[in-house]
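Here the structure is laid out as structure tokens; the discussion comes afterwards.
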Amino acid sequence: MKLDTVGGSGPRFAGSLAAELRRAAAEVPEQTFIRMTQGSWTYRQVDVASDQLAAGLQAQGVRRGDNVSLLLPNCIEFALLWFALAKLGAVTAPVNTAFRGQVLSGALNLVQSRLLLVHASQYPQLAEVRNQLTSIGQVVVVGGEAAPGCLSYDALQAPGQAPATLPEVGFAELCLLLYTSGTSGSSKAAMISHRFVLAQASLTIQGLGLKPDDVLYCPYPMFHLDAAVMTIAPALLLRGVAAIGERFSVSRYWDEMRALKATVFDFMGATLTMLWKQPPSARDREHFARLGWGVPLPAWASEFEARFGCRLVELYGLTEAGAMIFTPQDEPRRSGSCGKPIGPFDVALLDPDGFEVPVGQAGELALRTREPSLIMAGYYGMPQATLAAFRDLWFHTGDLLRSDADGFLYFVGRNKDMVRRRGENIAAAEVEMLVEQHPDVLACAVYGVPSEMTEEEVMACVVLRHDAQPDAPALLDFCRERMAPFMLPRYLRFVGELPKTPTDKIEKFKLQQQGITADTWDREKWSKT
């Protein structure tokens with residue numbers, strides 16, 4: 001099914017991220033731009049500091065079009081380096097801070113950076129693979145003393161010194177290389193342009209109804225789309241505040257929100273469930289938040305809103321194309337829907353052969369744009385993967401969605417995150433949502449394991465509240481009341497935590513590699529006892 005989008009054309013950003021920062025610093029120099037627990041920085045301070053860093057980077061040989069890798073946690077240096085590199089026309093390639101060993105060396109070698117900036121806390125990870133790197137010639141250590149053979153971050157900063165020359169960077173030039181989450185294997189680096197960043201920021205403002213006086217809070221890594229493109233960049237366009245948390249912590253979440261005076265926050269994966277299942281507190285409404293956005297929106301969303309006094313909004317987005325589906329702010333929420341498409345996108349739901357599916361039937365979401373540079377330019381150094389993603393003039397997301405007669409879209413699951421059991425296609429995401437309705441369940445991962453009957457059996461790995469006792473038969477009875485018989489997991493395994501990327505996405509391929517373990521509960525064997 002081909003779907004209409006709300007709103008015709010996007011804003012005509014013809015400049016760069018750096019040019020937008022320069023304009024903001026001229027218009028509101030003393031307005032706070034970035035707020036963290038370590039301090040706050042105004043637009044003028046970010047502009048001046050990134051000028052000084054651009055000069056230092058230029059002295060190290062960084063030129064227009066160069067890729068520069070960052071291995072940094074959430075810190076002000078990350079933001080300053082992003083803007084400094086944008087001013088030089090260079091490309092920021094932030095690496096997942098959880099990467100180690102061959103995964104880390106592979107990610108760094110993929111983008112062929114000559115310069116790497118690494119936080120002192122992450123330096124041991126780098127040291128382990130230093131002799132495996134094929135292109136890194138210089139390493140700069142941030143947040144600590146430089147190791148032998150490395151430069152200190154302080155050496156890049158030249159107070160009062162501006163770059164000798166700054167190129168006129170075009171909107172279609174690359175600004176970021178954002179690695180995909182790697183939930184099904186090795187990561188790819190999506191090539192993101194300046195216009196992608198700015199236009200996506202504008203769509204986020206439109207889709208969420210953001211205001212200039214909002215404080216946009218994100219506790220997720222700055223190497224992720226949510227923090228960089230959907231928090232810092234919208235704040236820049238609004239001349240507002242981006243509040244960046246150190247990391248997601250369920251125990252510190254609301255305290256950090258209060259300290260940063262956040263009015264808008266985002267959630268992903270199980271993080272909302274973790275917040276909801278904390279014991280009620282007299283301080284549950286003691287915050288400034290008016291809006292939370294993310295995916296998925298659970299069945300108890302209305303109860304969360306009543307308890308915490310803020311609205312929750314579901315949307316759909318992905319690293320390669322940003323967010324283009326938002327729940328309309330002026331219409332009643334539809335249970336399970338991530339909203340309607342907005343902006344200059346053509347959106348279609350396609351079957352495996354590339355034909356549009358009827359209303360109500362699940363199909364792969366495919367996108368194309370009516371304007372330039374609104375989707376990634378491809379996967380860096382991976383032409384075959386790029387061709388596979390862009391086929392038949394569409395970008396294929398790999399996500400299955402369905403639509404209703406009014407054009408609302410509903411996320412079904414990943415194309416590769418389906419379990420095929422005895423002729424039935426089962427969306428893992430749907431089973432996970434139902435299992436997580438149990439009050440003792442914090443998180444759940446559902447996936448297929450080989451079956452002696454051919455095809456697959458449904459297996460669920462479950463994380464319980466710290467004070468809950470595993471009771472597989474009781475959990476199964478709970479599920480039996482809520483899902484079709486063919487969806488019911490055969491195998492249950494209780495674990496202390498699920499393997500995740502730093503952006504809280506579950507690495508199911510690791511669970512599948514473990515298979516059926518000795519501590520796995522088998523429903524069929526239990527029923528025979």
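The values are calculated or read from the model by the stated rules, or taken from the named source; none is laboratory data. Model, not experiment: these values are computed from the prediction. Cβ coordinates were reconstructed from backbone atoms using ideal geometry, including for glycine residues, and neighbour counts include every protein chain displayed.
Annotations
- Pairs, first at positive phi and assigned to a loop (DSSP other than H, G, I, E, B) in the stretch 352-379, second among the hydrophobic types (A, V, I, L, M, F, W, C) and surrounded by 18 or more Cβ atoms within 10 Å (Cβ to Cβ), C-beta under 6 Å, six or more apart: 373/196; 378/191
- Failed criterion for residue 239 (all others in (1) touching a strand residue (DSSP E or B) at 6+ places or on another chain (Cβ under 6 Å); (2) at pLDDT 95 or above hold): (1)
- Listed by position, the helices (runs of 4 or more DSSP H) contained in the stretch 15-116 that have at least 1 residues being aromatic (Phe, Trp, Tyr), in contact with a helix residue (DSSP H, G or I) (Cβ under 9 Å, 6 or more places away or on another chain) and modelled with pLDDT of 95 or more are 43-59, 76-88.
- Taking first residues from the stretch 435-446 that are touching a residue at least 60 places away in the same chain (Cβ under 8 Å) and partners that are polar (S, T, N, Q), the Cβ contacts under 6 Å between residues at least 6 apart in sequence or on separate chains come to 436/273.
- Some residue of the stretch 277-287 being surrounded by fewer than 19 Cβ atoms within 10 Å (Cβ to Cβ), at pLDDT 90 or above and among the basic types (Lys, Arg): yes
- Of all residues in the stretch 436-454 being over 17 Å from residue 522 (Cβ atoms) and not in a strand (DSSP E or B), the one that is modelled with the lowest pLDDT: 454
- Positions within the stretch 468-497 being of a type in the set (Lys, Arg) and touching a Ser or Thr at 6+ places or on another chain (Cβ under 9 Å), in sequence order: 490, 493
- Selection status of residue 412, surrounded by 15 or more Cβ atoms within 10 Å (Cβ to Cβ), part of a strand (DSSP E or B) and over 23 Å from the mean Cα position of the chain (by Cα): no
- Long-range neighbours under 9 Å by Cβ, at least six apart or interchain, first residue in the same structural domain as residue 446 (by TED's automatic domain parsing) within the stretch 467-489, second acidic (Asp, Glu) and part of a helix (DSSP H, G or I): 483/430; 487/430
- Checking residue 473 against (1) farther than 20 Å from residue 273 by Cα; (2) touching a helix residue (DSSP H, G or I) at 6+ places or on another chain (Cβ under 9 Å); (3) assigned to a loop (DSSP other than H, G, I, E, B), the condition it does not meet: (3)
- Pair list, Cβ under 7 Å, 6 or more apart: the stretch 320-337 residue basic (Lys, Arg), other residue part of a loop (DSSP other than H, G, I, E, B): 333/327; 334/408
- Cβ-Cβ distances below 8 Å connect the following pairs, each with a first residue in the stretch 198-214 that is under 17 Å from residue 321 (Cα atoms), a second residue that is of a type in the set (Asp, Glu), and a separation of six or more residues or different chains: 198/20; 199/371.
- Close pairs (8 angstrom Cβ cut-off, 6 or more residues apart or separate chains): in the same structural domain as residue 317 (by TED's automatic domain parsing) in the stretch 388-409, surrounded by 18 or more Cβ atoms within 10 Å (Cβ to Cβ) and assigned to a helix (DSSP H, G or I) anywhere: 395/389; 396/389
- Flag if residue 122 is assigned to a helix (DSSP H, G or I) and surrounded by 21 or more Cβ atoms within 10 Å (Cβ to Cβ): yes
- Residues within the stretch 339-378 that are within 17 Å of residue 192 (Cα to Cα) and in contact with a helix residue (DSSP H, G or I) (Cβ under 6 Å, 6 or more places away or on another chain), tallied: 3
- Within the stretch 126-177, the residues that satisfy the criterion of being assigned to a helix (DSSP H, G or I) and in contact (Cβ under 8 Å) with a residue 60 or more places away in the chain are 153, 155, 156.
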